[in-house]
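Quick notes on the structure that follows.
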Amino acid sequence: MTVISVAALVVQLMSAGGAGAQGEQAAGRERGGPGSVSTNLSALKSEVSSLSERFKAARERRRLQAEKEKQEWEREPKTPASPGRE
């Protein structure tokens with residue numbers, strides 16, 4: 001499993017009443033019918049897909065930013081290391 005899918009699984013477990021969550025969400029989980037497992041699984045898959053897309057978008061933004069910085073670095077005029085020595 002990737003880090004993103006593990007994180008999504010933990011988030012889903014906590015919001016569904018597992019992994020120590022208490023209160024209304026946990027009570028709702030106990031009352032759930034047989035369809036609630038498939039509903040939770042579907043929600044988890046959706047969450048993983050969403051996180052995966054967000055991660056890909058962030059990675060692409062970072063790649064573009066690095067490329068832009070590299071181009072700016074290459075365009076800067078080259079100056080001698082010690083201008084006083086000639």
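A Cβ distance below 6 Å, combined with a sequence gap of six or more or placement on separate chains, defines the contacts here; from region 1-16, residues that are among the hydroxyl-bearing types (Ser, Thr, Tyr) reach residues that are modelled with pLDDT of 75 or more in the pairs SER5/VAL48.
Is it true that some residue in region 43-50 is open to solvent by less than 100 Å² (accessible area, probe 1.4 Å), under 18 Å from SER5 (Cβ atoms) and at pLDDT 95 or above? Can you show your working first?
As a first pass, look at region 43-50 and keep what is open to solvent by less than 100 Å² (accessible area, probe 1.4 Å): 43-44, 46-50.
If we keep only those that are under 18 Å from SER5 (Cβ atoms) as well, we get 43-44, 46-50.
Then keep just the ones that are at pLDDT 95 or above; that gives none.
There is no residue in region 43-50 that is open to solvent by less than 100 Å² (accessible area, probe 1.4 Å), under 18 Å from SER5 (Cβ atoms) and at pLDDT 95 or above.
Kindly evaluate SER82 against the criterion of being among the polar types (S, T, N, Q) and modelled with pLDDT under 70.
On the way: among the polar types (S, T, N, Q): yes; modelled with pLDDT under 70: yes.
Against the criterion (among the polar types (S, T, N, Q) and modelled with pLDDT under 70), SER82 qualifies.
The values are calculated or read from the model by the stated rules, or taken from the named source; none is laboratory data. Small disclaimer: the values here were computed from a predicted structure and weren't measured. With ideal geometry, Cβ positions are generated from the backbone for all residues, glycine too; neighbour counts draw on all protein chains shown. When the accessible area is computed, the model is the full protein with side chains, heavy atoms only, and any ligands, DNA or RNA have been set aside. Shrake-Rupley method; radii C 1.70, N 1.55, O 1.52, S 1.80 Å.
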